[in-house]
Amino acid sequence: MIEYRNLRIALLGAGSVGAQVADQILNHGDELAARIGAGIELVGVAVRDLKGKRDAVIPANLLTTDAEKLVRKADIVVELMGGIEPARTLVLAAINAGADIVTANKALLAHHGPEIFAAAAQVGAQVYYEAAVGGAIPIIRPLRESLAGDRVTRILGIVNGTTNFILDRIDTMGESMEDSLATAQQLGYAESDPTADVEGFDAAQKVSILASLAFHTHVPVDSVYREGITSVTREQIQAARKAGYVVKLLAICERVVGANGVEGVSARVYPAMVPLDHPLAAVHGANNAVFVQAEAAGSLMFYGAGAGGLETSSAVLGDLVSAARRHVVGGPGLAESTHATFPILPISEIRTRYHISLEVTDASGVLADIAASFAAHGVSVESVEQKVLGTNGEAPTATLVVGTHEATEADLAATVTALAASPVVERVVSVLRVEGL
Ligand code: NAP
């Protein structure tokens with residue numbers, strides 16, 4: 001048997017994930033080598049601060065601040081520094097120097113994926129990124145390989161652990177949004193600036209990656225419709241539970257027929273009500289899950305830890321073994337598949353169901369007025385629940401919770417505008433989408 005030379009691995013970053021990856025390579029390199037069919041050697045670890053505290057013992061002679069030099073002497077570059085620059089420049093330099101790439105960097109791929117994949121395709125390099133969505137959960141490889149012969153129709157994902165943790169605490173412990181965010185920050189689930197998580201930017205990057213893979217079409221992150229969880233209230237979450245639902249921040253992508261009858265792709269992130277018997281309703285704490293529907297396979301659910309240095313290192317090392325094995329057996333890397341070029345549909349054309357909570361004047365004829373507003377905009381009402389609330393000055397008021405059949409976002413928005421202007425409506429209390437029915 002031919003002995004393959006040692007493969008040179010360069011690590012960019014030794015933070016939460018990078019330190020765990022370095023630890024595994026340094027301490028379990030023999031086992032990885034046996035799986036790869038060749039030895040592996042960590043040739044360097046690029047960091048910002050050579051004296052920084054690390055979660056793993058990394059020999060001082062491996063640490064360097066010269067990442068540019070490091071990427072030019074590696075067979076495989078594992079990028080775990082995060083952010084766009086200098087990660088983008090370093091990854092492109094590594095590809096052009098003949099290296100394969102393993103990265104966990106969702107921001108880089110969501111914003112510069114096509115540029116990186118094109119550079120890799122030109123030289124036959126591979127780009128692996130299992131850890132970029134869902135941390136430890138295998139979802140990229142299933143979409144890229146296992147489901148490559150099927151047609152994915154829809155993905156519903158809980159891909160941001162921070163927001164799931166916050167919404168879950170409000171739901172199960174009755175905490176306020178502020179308190180559960182503070183707890184998430186204390187436990188290290190949320191950053192001191194939580195904007196990327198709570199405003200849905202992180203989930204939007206991930207759904208852009210999932211949608212591009214699932215529908216063989218580049219779905220730019222800027223085309224993802226995004227709403228975060230900051231406007232969700234404890235009252236909405238409690239009312240949803242009473243009605244048999246739980247509120248989750250969902251990353252959704254699907255193939256749908258748009259207003260002009262042409263099939264396209266929708267990618268969106270928003271908080272939505274999910275029925276309690278849906279598998280996603282059972283995703284608690286900071287866990288992630290991705291629910292995939294495909295024409296032949298039916299429904300599949302991928303569940304587990306969406307973050308954490310050690311957990312995420314599992315996905316990174318799996319990619320490292322795959323990339324290294326190809327060096328041993330040869331052949332070109334797996335190219336990205338974007339043959340489908342579906343149009344990306346605007347949110348206004350998307351159809352879903354809604355629960356609308358209204359505070360109304362409690363008088364005869366009100367229900368008929370409200371029903372007329374829905375009908376005038378082509379939104380069909382499925383259920384109405386009425387509770388007497390109290391009084392507004394002299395007039396008694398009631399709360400109406402209206403559940404709709406599927407309607408377009410445009411029709412629903414027009415209905416809500418009309419309801420807000422109606423003399424019988426005191427206040428539009430809440431509008432939440434319903435998904436997963
Ligand atoms: P992190 O803890 O902030 O670590 C970043 C590392 O990169 C640090 O070691 C830092 O060096 C180094 N670094 C940053 N900029 C650098 C530069 N310009 N030159 C050289 N080194 C630089 O990040 P992380 O949490 O491990 O995340 C790494 C990647 O994994 C990100 O893309 C993230 O989105 C992704 N990811 C993370 C998780 C998770 O649970 N943490 C889960 C899934 C995916 P110093 O240590 O010297 O500052």
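The values are calculated or read from the model by the stated rules, or taken from the named source; none is laboratory data. Please read all numbers here as calculations on a predicted model, not as lab measurements. Positions of Cβ are backbone-derived with ideal geometry, glycine not excepted, and every protein chain shown enters the neighbour counts. Areas reflect the complete protein model, heavy atoms only, side chains present, ligands, DNA and RNA absent. Shrake-Rupley method; radii C 1.70, N 1.55, O 1.52, S 1.80 Å.
Just one of the listed residues (Leu26, Leu32, Leu50) is more than 32 Å from the chain's Cα centre (by Cα) and either near the ligand (Cβ under 8 Å from one of its atoms) or open to solvent by 10 Å² or more (accessible area, probe 1.4 Å) (or both), and it is Leu50. Number of residues in the stretch 188-227 that are under 18 Å from Tyr128 (Cα atoms), open to solvent by 10 Å² or more (accessible area, probe 1.4 Å) and of a type outside the set (A, V, I, L, M, F, W, C): the value is 5. Number of residues in the stretch 251-276 that are touching a Lys or Arg at 6+ places or on another chain (Cβ under 8 Å) and under 21 Å from Thr162 (Cβ atoms) equals 10.
Of the residues Ala74, Ala34, Ala38, Ala56, the single one that is out of contact with any helix residue (DSSP H, G or I) (no Cβ under 8 Å at 6 or more places or on another chain) and either modelled with pLDDT of 95 or more or not in a helix (DSSP H, G or I) (or both) is Ala34. Number of residues in the stretch 103-125 that are of a type outside the set (Gly, Ala, Ser) and either within 11 Å of the ligand (Cβ to nearest atom) or more than 23 Å from the chain's Cα centre (by Cα) (or both) equals 7. Among the residues of the stretch 37-47, those identified as among the hydrophobic types (A, V, I, L, M, F, W, C) and within 14 Å of the ligand (Cβ to nearest atom) are Val45, Ala46, Val47. Within the stretch 57-72, the only residue that satisfies the criterion of being within 9 Å of the ligand (Cβ to nearest atom) and open to solvent by 80 Å² or more (accessible area, probe 1.4 Å) is Thr65.
Among residues belonging to the stretch 353-369 that are open to solvent by 50 Å² or more (accessible area, probe 1.4 Å) and not in a helix (DSSP H, G or I), point out the one that is modelled with the highest pLDDT. Per the stated criteria, the residue is Arg353. Only one of the numbered conditions (1) in the same structural domain as Val269 (by TED's automatic domain parsing); (2) out of contact with any Phe, Trp or Tyr (no Cβ under 6 Å at 6 or more places or on another chain); (3) small (Gly, Ala, Ser) is violated by Ala121, and that is (1).
Take the conditions (1) within 19 Å of Ser422 (Cβ to Cβ); (2) open to solvent by less than 40 Å² (accessible area, probe 1.4 Å); Val384 misses just one of them, which is (2).
Among the residues of the stretch 132-164, the ones that are open to solvent by 20 Å² or more (accessible area, probe 1.4 Å) and within 15 Å of the ligand (Cβ to nearest atom) come to 2 in all. Within this structure, Ala19 passes the test of being among the small types (Gly, Ala, Ser) and either within 11 Å of the ligand (Cβ to nearest atom) or surrounded by fewer than 24 Cβ atoms within 10 Å (Cβ to Cβ) (or both). Quick one: would you say Gly37 is open to solvent by 30 Å² or more (accessible area, probe 1.4 Å) and out of contact with any Leu (no Cβ under 9 Å at 6 or more places or on another chain)? Yes, satisfied.
Within the stretch 73-92, how many residues turn out to be within 7 Å of the ligand (Cβ to nearest atom) and either more than 10 Å from Ala14 (Cβ to Cβ) or open to solvent by 70 Å² or more (accessible area, probe 1.4 Å) (or both)?
Residues that pass the stated criteria total 4.
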